[in-house]
Amino acid sequence: MLDLKQSIPNFKTAILSLDQIKAKKILIDLSDSFPINQVIDKLIVTVLEQIGEGWEQGNIALSQVYMSGRICKELVDTFLLPSKQGRKHKPKIALAVLEDYHLLGKRIVHCVLRASGYDPIDYGHGISVDELLKQTQKEKIEILLISTLMLRSALLVKKVKEELSKAKFSTKIVVGGAPFLFDDQLWREVGADAMGRSAFEAVEIIKRLEGGLK
Amino acid sequence: MNKMNMTSLNRVLTTLQFKEPDRVPLFLLFTMHGAKELGLSIKEYFSKAENVVEGQMRLRAKYHHDCIYPFFYAAIEIEAWGGEVIFFEDGPPNSGIPFISKPEDIKFLEPPRIANSIPLQKVLKTIRLLKEKIGDDAPIIGVVISPFSIPVMQMGYDKYIELMYENPEFFERLMKINEEFCVEWANAQLEAGATAICYFDPVSSTTNTPRELYLKTGFKVAKRTLARINGLTATDLASGRCLPIIQDIAKTGTGIISASSLEDLAEVKRACHGKMSVLGALNGIEMRRWSSKEAETAVKHDIAAAGPGGGFILCDNHGEIPWQVSEETLMAISEAVHKWGNYPLDWVKEYDR
């Protein structure tokens, strides 16, 4: 009998060495014995979280983080959850790069969320505060993930939060990116509800915030 | 060298020989703050060489730091390549939509001619004018973005990572083109009067690239490129970690390495011993909200960690002071260095880091 927990090291090694064929084989074998949501939650999400922790500790590089996320997203998109059916549509999640043109962080978060079975709306990069507010309100987004690289963009999150509150929207804001890593007080200062130190914390944060939304 | 009469240049050159000068040199790497001094918008400020010259002169007179930094913004190189630059009122200009949209575009890529590039000529004019004013009083630090790191702006970081892993042929071709440009651009700045070249190479940091891949890519690129730059170089990883590859970086031919505030500065200094000097490592993001007392504490911490024995220049850890850092904080940093940075650093023995 295959064991999800025992497959973790092999799956992790496969995606870190970019061996998509081996990673897919592990998933095929496991999906014969376990429900797809268990394979995603207990294997893929766990491995991605471990890779995120490795990056935070300086043991894994961003390029590995990106490639692992991309491989997992592709495997889930094409093999485990090829249609919208079976994906988690609640809470309603969107992500964006606020005014910045550096989109790697957002792409990794997008990969991680897709690989974890979510179906986030991607507002792209270089989006202005006004446009982000308009989209968030129009689509009644419950959790908004904002990625920034530049300090000035990080500080703009405060305006997003204030305007959403004024408009009586209780959208939760999750921030991530270099300015927040280098100043661990910044996310509170800009009024965010949570800060992810790595893209892989997004799933855990969403689960936590989801509890508060109910 | 008589320590009583040291200029900023003497001070820096002494520390780079792993000797103690009169005090720890301080580099305040100002780019945008000159606009504040002149009462101009950031875009207006960078539109003329004369503005940057005046800004740099006023900033040095105000904060008594030890370098001149004629760096405009990273995206100016992208501007020279024909790419888009987006200006903001309160932050550094960003590069816009990448001009390499698919790997095949690399086949037809040609580096810009420095002689014909208006933005690059503006930087060279700035360096020439600053050299006329400064002479040998302070080092003028020119800047290049490394051939290995500039593709983040040329094609977007995600596409660049994919290129590195999946398309070695186009990757090598891009490096070859970028190396030619980088060497020519660095040497043009040295000819214009720059004392040294800061080689910005954040992608090489282990924060971004694993060591095994770095050794096959960024390391080789740096070794080839730095060997052809006709002057002293400092490698700046723009706040990325350096410790796992520090001995490799020392072999690229660089004389100085930037430390990240994410790493133990004393450990970085020990690892560099006798091979490279250390630049760092004040946290530029936190600096925005420091009180004068906190600024003094941070300065003391870094001097205690890396000051003894020379081989150390105090600096922010990113290579650019954020626009939001106040005059009061910058003044507090400068005053703290002038108070606590004087050699011999006897107080360090008693200092509990």
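Condition check ((1) more than 12 Å from chain B (Cβ to nearest Cβ); (2) among the charged types (D, E, K, R)) across all residues:
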site	(1), (2)
A:Thr148	no, no
A:Ser165	yes, no
A:Ala202	yes, no
A:Lys207	yes, yes
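Got a sec? Which of B:Ile97, B:Ile86, B:Ile78 is within 14 Å of chain A (Cβ to nearest Cβ) and touching a helix residue (DSSP H, G or I) at 6+ places or on another chain (Cβ under 6 Å)? Give the steps one after another, and end with the answer.
Details: B:Ile97 fails: touching a helix residue (DSSP H, G or I) at 6+ places or on another chain (Cβ under 6 Å); B:Ile86 fails: touching a helix residue (DSSP H, G or I) at 6+ places or on another chain (Cβ under 6 Å).
The match here is B:Ile78.
Which fully enclosed helices (runs of 4 or more DSSP H) of the range B:125-237 have 1 or more residues being more than 12 Å from chain A (Cβ to nearest Cβ) and either at pLDDT 95 or above or in contact with an Asp or Glu (Cβ under 9 Å, 6 or more places away or on another chain) (or both)? Don't jump to the end; show me each part of the working.
Details: elements: B:151-155, B:157-166, B:168-192, B:211-216, B:218-227.
Per the criteria, B:151-155, B:168-192, B:211-216, B:218-227.
I need the full set of residues from the range B:271-290 which are under 13 Å from B:Gly311 (Cα atoms) and either surrounded by fewer than 17 Cβ atoms within 10 Å (Cβ to Cβ) or acidic (Asp, Glu) (or both), in order please.
First pass over the range B:271-290, keeping only residues under 13 Å from B:Gly311 (Cα atoms): B:271-280.
Of everything in the range B:271-290, those that are under 13 Å from B:Gly311 (Cα atoms) and either surrounded by fewer than 17 Cβ atoms within 10 Å (Cβ to Cβ) or acidic (Asp, Glu) (or both) turn out to be B:His273, B:Gly274, B:Lys275.
Considering B:Tyr45, B:Tyr73, B:Tyr63, which residue is of a type outside the set (D, E, K, R), closer than 26 Å to B:Asp136 by Cα, crowded, with 22+ Cβ neighbours inside 10 Å and in contact with a Ser or Thr (Cβ under 8 Å, 6 or more places away or on another chain)?
Working: B:Tyr45 fails: in contact with a Ser or Thr (Cβ under 8 Å, 6 or more places away or on another chain); B:Tyr63 fails: crowded, with 22+ Cβ neighbours inside 10 Å.
Every option except B:Tyr73 fails the conditions.
When you check B:Gly280 against the structure, is it away from chain A (no Cβ under 14 Å), over 23 Å from B:Glu212 (Cβ atoms) and modelled with pLDDT under 95, yes or no? Steps first, answer last, please.
Details: away from chain A (no Cβ under 14 Å): no; over 23 Å from B:Glu212 (Cβ atoms): yes; modelled with pLDDT under 95: yes.
Here the answer is no, as B:Gly280 does not meet what is asked.
For the range B:208-240, how many residues meet the condition of being farther than 18 Å from B:Tyr69 by Cβ, within 19 Å of the chain's Cα centre (by Cα) and buried (at least 24 other Cβ atoms within 10 Å of the Cβ)?
Selection size over the range B:208-240: 6.
Of everything in the range A:55-70, what is part of a loop (DSSP other than H, G, I, E, B), of a type outside the set (A, V, I, L, M, F, W, C) and at the interface with chain B (Cβ under 8 Å from one of its Cβ atoms)? Give them in sequence order.
At the first step, the residues of the range A:55-70 found to be part of a loop (DSSP other than H, G, I, E, B) are A:57-61.
If we keep only those that are of a type outside the set (A, V, I, L, M, F, W, C) as well, we get A:57-59.
Of everything in the range A:55-70, just one residue is part of a loop (DSSP other than H, G, I, E, B), of a type outside the set (A, V, I, L, M, F, W, C) and at the interface with chain B (Cβ under 8 Å from one of its Cβ atoms), namely A:Gly58.
Just wondering, is there one or more residues in the range B:293-310 that are surrounded by fewer than 23 Cβ atoms within 10 Å (Cβ to Cβ), touching a residue at least 12 places away in the same chain (Cβ under 8 Å), acidic (Asp, Glu) and within 14 Å of chain A (Cβ to nearest Cβ)?
no
If B:Gly83 meets every condition in (1) surrounded by fewer than 20 Cβ atoms within 10 Å (Cβ to Cβ); (2) free of Cβ contacts under 8 Å to residues at least 24 places away in the same chain apart from one, which number is that one?
That leaves (2) as the condition not met.
Name the residues in the range B:258-277 that are within 13 Å of chain A (Cβ to nearest Cβ), out of contact with any strand residue (DSSP E or B) (no Cβ under 7 Å at 6 or more places or on another chain) and either in a loop (DSSP other than H, G, I, E, B) or among the basic types (Lys, Arg) (or both), would you?
Correct list: B:Leu262, B:Glu263, B:Asp264.
Can you name the residue in the range B:5-29 that is buried (at least 22 other Cβ atoms within 10 Å of the Cβ) and more than 20 Å from the chain's Cα centre (by Cα) and, of all such residues, is farthest from B:Val299 (Cα to Cα)?
B:Pro21
Hey, among the residues in the range B:130-187 that are among the basic types (Lys, Arg) and touching a residue at least 60 places away in the same chain (Cβ under 8 Å), which one's nearest to B:Phe219 (Cα to Cα)? Outline the logic, then answer.
The initial filter retains those residues of the range B:130-187 that are among the basic types (Lys, Arg), namely B:131, B:133, B:159, B:173, B:176.
Among the residues that remain, those that are also touching a residue at least 60 places away in the same chain (Cβ under 8 Å) are: B:131, B:133, B:159, B:173.
Numbers: B:Lys131: 32, B:Lys133: 37, B:Lys159: 20, B:Arg173: 16 Å.
For the range B:130-187, the residue satisfying everything is B:Arg173.
Taking interchain pairs and intrachain pairs at least six residues apart, which have beta carbon atoms under 7 angstrom, with the first residue in the range B:56-68 and in a loop (DSSP other than H, G, I, E, B) and the second of a type in the set (A, V, I, L, M)?
What qualifies is B:His65/B:Leu26; B:His65/B:Leu28; B:Asp66/B:Val12; B:Asp66/B:Leu26; B:Asp66/B:Ala138; B:Cys67/B:Ala138; B:Cys67/B:Ile141.
Would you be able to tell me the number of residues in the range B:237-285 that are under 24 Å from B:Val143 (Cβ atoms) and without any contact (Cβ under 8 Å) to a residue 24 or more places away in the chain?
To start, the set of residues in the range B:237-285 that are under 24 Å from B:Val143 (Cβ atoms) comprises B:237-243, B:245-246, B:248-263, B:265, B:268-269, B:272, B:275-285.
Applying the additional criterion that residues be without any contact (Cβ under 8 Å) to a residue 24 or more places away in the chain yields B:257, B:263.
Summing the residues that are under 24 Å from B:Val143 (Cβ atoms) and without any contact (Cβ under 8 Å) to a residue 24 or more places away in the chain in the range B:237-285 gives 2.
List the number of the failed condition for A:Phe11; all other conditions in (1) more than 29 Å from A:Ser153 (Cα to Cα); (2) surrounded by fewer than 21 Cβ atoms within 10 Å (Cβ to Cβ); (3) aromatic (Phe, Trp, Tyr) hold.
(2)
Just a yes or no: is a residue in the range B:262-270 acidic (Asp, Glu) and buried (at least 23 other Cβ atoms within 10 Å of the Cβ)? Don't jump to the end; show me each part of the working.
Initially, the range B:262-270 is screened for residues acidic (Asp, Glu), giving B:263-264, B:267.
Add one more test, that the residue is buried (at least 23 other Cβ atoms within 10 Å of the Cβ), and what stays is none.
No, there is no match, as no residue in the range B:262-270 is acidic (Asp, Glu) and buried (at least 23 other Cβ atoms within 10 Å of the Cβ).
So for the range A:136-144 (the condition being of a type in the set (Val, Ile, Thr), within 14 Å of chain B (Cβ to nearest Cβ) and out of contact with any Gly (no Cβ under 7 Å at 6 or more places or on another chain)), does at least one residue qualify? First the steps, then the outcome.
So the first thing to find is which residues in the range A:136-144 are of a type in the set (Val, Ile, Thr), and the list is A:136, A:141, A:143.
Right, trim to within 14 Å of chain B (Cβ to nearest Cβ) and you get none.
No, because not a single residue in the range A:136-144 is of a type in the set (Val, Ile, Thr), within 14 Å of chain B (Cβ to nearest Cβ) and out of contact with any Gly (no Cβ under 7 Å at 6 or more places or on another chain).
The values are calculated or read from the model by the stated rules, or taken from the named source; none is laboratory data. Nothing here was measured: the structure is a model prediction, and the numbers come from that model. Cβ: placed from backbone, ideal geometry, glycine included. Neighbour counts: every protein chain shown.
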